[in-house]
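Chemist: Right, I'll just put the structure down here and ask away after.
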Amino acid sequence: MLKVKDTLRATVHLTFDGRVIKQYHGPNACERFQNEVRVLRHLEARGCGFVPRLLEADPEKLRIITTNCGSRVEHLDAGRTRELFAELEPFGVRHDDPDIRNVTYRQSDGRFCLIDFELATILPGFE
């Protein structure tokens, strides 16, 4: 496994078979875990194909396992970044952390994807 993120809020590992393992810790870890699980399930149920798919959620360990949505994006102009995050709204989600660090590029289909939904909001009327 390769550690790709280790911050106050989470540690993220990438497995050699392409899964992403995210362990929550720090302030409000349980709430952030529950929210990300809820948002990812919501997006999958609505057929959103440019976010990770939740494979496993372990509430005791505060850990999720998802599919990999590609490699991190280093450069993207502000307008394109706004467009990408706006694409979530028809699926009923506002990301609430629309930063380039939450954008990946999936080379298999040339698609920009969005990750890290622990702070996201399911919009009214979509719940």
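Every read-out reported here was derived from the displayed coordinates using simple, explicitly stated rules and does not represent laboratory data. Note that the structure is a prediction, hence the values are computed from the model and not measured. When we count neighbours, we look across all protein chains shown, and the Cβ atoms used for this are built from the backbone with ideal geometry, even at glycine.
Chemist: Take the residues in the range 1-41 that are polar (S, T, N, Q) and surrounded by fewer than 14 Cβ atoms within 10 Å (Cβ to Cβ); name whichever of them is farthest from Asp58 (Cα to Cα).
Modeler: Thr7
Chemist: Within the range 25-37, is there a residue that is among the small types (Gly, Ala, Ser) and either touching a Pro at 6+ places or on another chain (Cβ under 7 Å) or closer than 12 Å to Leu119 by Cα (or both)?
Modeler: Yes, the range 25-37 contains at least one residue that is among the small types (Gly, Ala, Ser) and either touching a Pro at 6+ places or on another chain (Cβ under 7 Å) or closer than 12 Å to Leu119 by Cα (or both).
Chemist: Between a residue in the range 5-20 that is closer than 18 Å to Thr67 by Cβ and any residue that is part of a strand (DSSP E or B) and of a type in the set (Val, Ile, Thr), which pairs come within a Cβ distance under 6 Å, given they are 6 or more apart or on different chains?
Modeler: If the second residue must be part of a strand (DSSP E or B) and of a type in the set (Val, Ile, Thr), the pairs left are Lys5/Val12; Val12/Val4; His13/Ile21; Leu14/Val4; Leu14/Val20; Arg19/Ile65; Val20/Thr66.
Chemist: On to the next question. Take the range 41-56 and flag every residue that is part of a helix (DSSP H, G or I) and in contact with a Phe, Trp or Tyr (Cβ under 6 Å, 6 or more places away or on another chain).
Modeler: Once the filter is applied, which keeps residues that are part of a helix (DSSP H, G or I) and in contact with a Phe, Trp or Tyr (Cβ under 6 Å, 6 or more places away or on another chain), the range 41-56 yields only Leu43.
Chemist: Can you pull out every residue in the range 21-46 that is of a type in the set (Asp, Glu) and in contact (Cβ under 8 Å) with a residue 60 or more places away in the chain?
Modeler: Glu36
Chemist: Give the residues of the range 103-118 that are more than 14 Å from Leu88 (Cα to Cα) and in contact with a helix residue (DSSP H, G or I) (Cβ under 9 Å, 6 or more places away or on another chain), sorted by residue number.
Modeler: Result: Glu118, single match.
Chemist: Looking at the range 86-106, which of its residues are under 22 Å from Leu123 (Cβ atoms) and in a helix (DSSP H, G or I)?
Modeler: Answer for the range 86-106, where residues must be under 22 Å from Leu123 (Cβ atoms) and in a helix (DSSP H, G or I): Ala86, Glu89, Pro90, Phe91, Asn102.
A quick yes/no check of all residues on (1) under 14 Å from the mean Cα position of the chain (by Cα); (2) within 21 Å of Gly18 (Cα to Cα); (3) charged (D, E, K, R):
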| site | (1), (2), (3) |
| --- | --- |
| Arg82 | no, no, yes |
| Asp96 | yes, no, yes |
| Val103 | yes, yes, no |
| Ser108 | no, yes, no |
| Ile115 | yes, yes, no |
| Leu119 | yes, no, no |
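Chemist: Report the residue count in the range 57-85 for those that are part of a loop (DSSP other than H, G, I, E, B), of a type outside the set (S, T, N, Q) and surrounded by 13 or more Cβ atoms within 10 Å (Cβ to Cβ).
Modeler: 5
Chemist: Conditions: (1) under 15 Å from Ala120 (Cα atoms); (2) touching a strand residue (DSSP E or B) at 6+ places or on another chain (Cβ under 9 Å). Asn28 meets all but one. Number of the miss?
Modeler: Result: Asn28 fails condition (2) only.
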